[in-house]
Amino acid sequence: MHYLLRRKVTLLWIALLSTLCVKAQKNGLNLENHDDKPYHFGINIGYNTSHFSFSHHPRFLEYDSIMSVESVNNSGVNLAFLTNLRLNKFFNLRVHPLDLTFSDKAFLYTQKYESDSMTNRRVQSITLSFPVNLAFNSDRIGNLKVYTFAGGRFDYDLASNAKAERAEDLIKLKKTNFSSEIGLGFHIYFPFFVLSPEIKISHGLVNLHSRDVNLKYSNVIDKVYSRMITFSVTVE
């Protein structure tokens, strides 16, 4: 089901991008001096799909109550404010001083001795992030320009449950995380604004798992890392 949803979203993005490019090219050359400005701002809205990359703890092999553990893909939304600093003709520094990410990940457990053998443990996050990326821009072709970017981000999870006291059925995760990012986007120039659809892949670099040996859903897992793909649109 999630695979079909991601496929539909991808096809929708491609169709939307193609339509916007055609419309922009019909208007002549728009915003000719936009890229010469030392800085400009934008608002970014996105859709994300995320999951956990994890490893099993040796305890998983010692006990047979949990038969299997899987990470489940889920979707969420992003809302960010963009500050773009022009370094030269081809390079920009892109900073998001305010970036809120709402994500919903989950672990699916198969249990041997429970009446309901399949159980889903959701991990909902509201993350305040600070991404910093270096973007490389192509030459402008009419009202279209392609760019790639790479960088990193610091995340602070406002909904972290790492210090929860009554957490028998929880998987405790730490509040802070560092991630690497890489992505591809397009600047589409219209008469009064620039629309920038982009796709971004984020890989968490910090083990988020705050393991508790007393929790049956936590003690069979060792390290947990975040993974996310984001489709977004920036209006500048």
Q: Mind listing just one residue for me: the one in the stretch 180-189 that is surrounded by fewer than 16 Cβ atoms within 10 Å (Cβ to Cβ) and among the aliphatic types (A, V, I, L, M) and, of those, nearest to residue 160 (Cα to Cα)?
A: 182
Q: Could you figure out which of (1) of a type outside the set (A, V, I, L, M); (2) in a strand (DSSP E or B); (3) surrounded by 15 or more Cβ atoms within 10 Å (Cβ to Cβ) isn't true of residue 60?
A: (2)
Q. So which of 138, 129 is small (Gly, Ala, Ser), farther than 23 Å from residue 177 by Cα and either surrounded by fewer than 14 Cβ atoms within 10 Å (Cβ to Cβ) or out of contact with any Gly (no Cβ under 8 Å at 6 or more places or on another chain) (or both)?
A. 138
Q. Applying the selection to the stretch 212-236, what residues are among the hydroxyl-bearing types (Ser, Thr, Tyr) and within 16 Å of the chain's Cα centre (by Cα)?
A. 225, 226, 230, 232, 234
Q) Name the pairs whose Cβ atoms lie under 7 Å apart, with the first residue in the stretch 61-73 and more than 27 Å from residue 47 (Cβ to Cβ), the second among the β-branched types (Val, Ile, Thr) and not in a strand (DSSP E or B), and 6 or more positions between them or separate chains? A) 66/220
Q. Among the candidates 182, 171, which residue alone is modelled with pLDDT under 85 and either within 21 Å of the chain's Cα centre (by Cα) or under 17 Å from residue 156 (Cβ atoms) (or both)?
A. 171
Q.
Can you tell me which condition residue 211 does not meet? The list is (1) in contact (Cβ under 8 Å) with a residue 60 or more places away in the chain; (2) of a type in the set (D, E, K, R); (3) in a strand (DSSP E or B), and all the others hold.
A. (3)
Q) Would you call residue 101 modelled with pLDDT of 85 or more, surrounded by 14 or more Cβ atoms within 10 Å (Cβ to Cβ) and under 14 Å from the mean Cα position of the chain (by Cα)? A) yes
Q) What number goes with the only condition from (1) in contact with a Phe, Trp or Tyr (Cβ under 6 Å, 6 or more places away or on another chain); (2) within 30 Å of residue 31 (Cβ to Cβ) that residue 220 does not pass? A) (2)
(Q) Among the residues of the stretch 190-205, are any surrounded by fewer than 20 Cβ atoms within 10 Å (Cβ to Cβ) and under 20 Å from residue 126 (Cβ atoms)? (A) no
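The values are calculated or read from the model by the stated rules, or taken from the named source; none is laboratory data. Remember, predicted model here, so these are calculated numbers, not experimental data. Glycine gets a Cβ as well: all are built from the backbone with ideal geometry, and neighbour counts include every protein chain shown.
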